Structure formats: structure tokens, C-alpha cells
Amino acid sequence: MGTVTTQDGTSIFYKDWGPRDAQPIVFHHGWPLSGDDWDNQMLFFLEHGYRVIAHDRRGHGRSGQSATGHEMDTYAADVAAVTDALDLREAVHIGHSTGGGEVARYVARAQQGRVAKAVLVGAVPPVMVKSDANPGGLPIEVFDGFRASLVANRAQFYIDVPAGPFYGYNRPGAEVSQGVIDNWWRQGMSGAANAHYHCIKAFSETDFTEDLKQITVPVLVAHGTDDQIVPYDDSAPLSAKLLRNGRLKSYEGLPHGMLTTHPDTVNPDLLAFVKE
């Protein structure tokens, strides 16, 4: 593990495991988590001989708590700073939720040879918020509610989200893991309240349509049909259509946090796509 200092002086923390000459797999976490959310997938790909890297987005986890830069252009620039510092070539970038938006913005702008493939899992593109151009999106009041809950009692909000819709634990018959809920809370509370507050706008209002259109590398779009955070119908199928070389993989009945709740189902599909 180590850190990279960006142009504005922010320290970006990253984990880097595995052979330095192996193909890199770069993981991008969701809001308001950290690179630790990828532990299962990092160990899985490490066992298959890959080099695995996960960073903490600025204001999240162990990265610096900057006053500014909590929007997708800067997030993508921070990723570029990490990939440049590590000189990653032909990497596969895998992003979940907000991290999927970060992947789309980064890959669309990446230097030739840096990226081989990308994966968007339960990802926010093309755009989440409802508008005249995106009538199927979620009303802005939903995200205003997120902001209000964060300000009022961030600690409780970061229990309610994983204990409910994030992992589908609010569904009848769900097998609830207190450890998973506690780990979500731990990651969230290690970050900065200001960064998390502003990131809500970044993940909900950023339009990734043009980014998706510009991406030429193969992209797997994976999404659970019972995603209560990023609704399936207004995200994955639309992203797959916008991509030049996109493939849609739907998981019937799986939740937003399916990488944690169903890794034995999702991980082999990720590996198969990477190996193609």
C-alpha cells in the first residue's frame, strides 16, 4: 500500500497486491465506502494471478480530506494520478455504484494503452436524477433526503442504509449479516462528512452519456434487477446501449451490494470477462 499526491496536494491512499508484471485489476468503490469494500474480489483475483489495486477516493477512507474536488472530473484525475504513478498498462477497471461513474469518466479520457477493459457493477451511469431528458430517473427529492439524513445524523444513516436497501436486507427472508452492516458503517464513518455530502451530487446528477459513447474498449455492465439504490431499468440497459462495445449481464433478484452478498455468483463472471 502507499499514497499518491495529486496536483492540488491531496493524498490518495491505495492498496497494491500481487505480481508487478501481472495484468492489473483496478477497483473503484461506491459511496461512502473505501477500497476495503473490494477485499473479497481482490483476494479472488489475487489467487488467479492478477495484480490488484484499490484506492480510497478523496475524502473517503484513508485518503486526504480535501476542501474541494468532490466531483467526477477530479475523481477521474485522481485515478489517473494513481495509474500514472504505478505505470499501469492494459488494466481492467472495475467500478461499483459511484465507482462505476468514476470508471466511465476515467476510461473515456485515459491515455492509449492504459485500459484494456472495464466493468460497471450496479453503476450510476448514464444519469440517476430525473429530468425532462431522463424521465425514468429518481426525483431530486430522493437525493435531498440523503443529504438531510447525512447532516442530521450521519452515524445512524450509515446504519440504516446497509441494514436496509443496500444489501436487500429489508426484503422478506433475507439473510442479514451484522458484520457486513458494521463494516459498511466502519468504512463510511472513516471518511469526511463534507466529501460524502458533495459526492451525493456527483453520483446523482452527473450525466455520463458522452463518456459511455466515447469508450471503445470492451465493457461489461453487470446489475442486479432488485437494486434499490440504482434502479435497474434506468441504468444498466441504457448504459449497455450507449457503449460501442458493451455487454449487459443481469442478475435476477440480486441487490445493489451483490458483490458482497453473492460473490460466488458474480466473481466467476468477472473473471471470465477479464480472461476473454
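The values are calculated or read from the model by the stated rules, or taken from the named source; none is laboratory data. Keep in mind that what you see is a predicted model, and the values were worked out from it rather than measured. Here the Cβ positions follow ideal geometry from the backbone for every residue, glycine too, while neighbour counts run over all protein chains shown. Side chains included, ligands, DNA and RNA excluded: accessible areas come from the protein's heavy atoms. Shrake-Rupley method; radii C 1.70, N 1.55, O 1.52, S 1.80 Å.
Annotations for the structure displayed:
- Given (1) open to solvent by 30 Å² or more (accessible area, probe 1.4 Å); (2) under 21 Å from Asp269 (Cα atoms), index of the condition Gln228 fails: (2)
- Condition met for Leu212 (within 17 Å of Val274 (Cα to Cα) and open to solvent by less than 30 Å² (accessible area, probe 1.4 Å)): no
- Figure legend. Inter-residue proximity from region 37-49: first residues more than 16 Å from Val121 (Cα to Cα), second residues open to solvent by 40 Å² or more (accessible area, probe 1.4 Å) and not polar (S, T, N, Q), beta-carbon distance below 8 Å, spacing 6+ or different chains. Indicated pairs: Leu46/Trp17; Gly49/Pro19.
- Scanning region 139-159 for residues that are open to solvent by 50 Å² or more (accessible area, probe 1.4 Å), closer than 24 Å to Asn183 by Cβ and either modelled with pLDDT under 95 or within 20 Å of the chain's Cα centre (by Cα) (or both) yields Phe146, Ile159.
- Of the numbered criteria (1) under 27 Å from Ala110 (Cβ atoms); (2) of a type in the set (Val, Ile, Thr); (3) touching a helix residue (DSSP H, G or I) at 6+ places or on another chain (Cβ under 6 Å), the one Ile181 fails is (1).
- Any helices (runs of 4 or more DSSP H) falling wholly within region 147-246 and containing at least 2 residues that are more than 24 Å from Lys117 (Cα to Cα): 178-189, 193-205
- Residues in region 247-264 include at least one that is in contact (Cβ under 8 Å) with a residue 40 or more places away in the chain and surrounded by fewer than 18 Cβ atoms within 10 Å (Cβ to Cβ).
- Contact annotation: residue pairs with Cβ atoms under 9 Å, 6 or more positions apart or on different chains, pairing a residue in region 165-179 that is touching a residue at least 60 places away in the same chain (Cβ under 8 Å) with a partner that is of a type in the set (D, E, K, R) and buried (at least 19 other Cβ atoms within 10 Å of the Cβ), are Pro165/Asp227; Gly168/Asp227.
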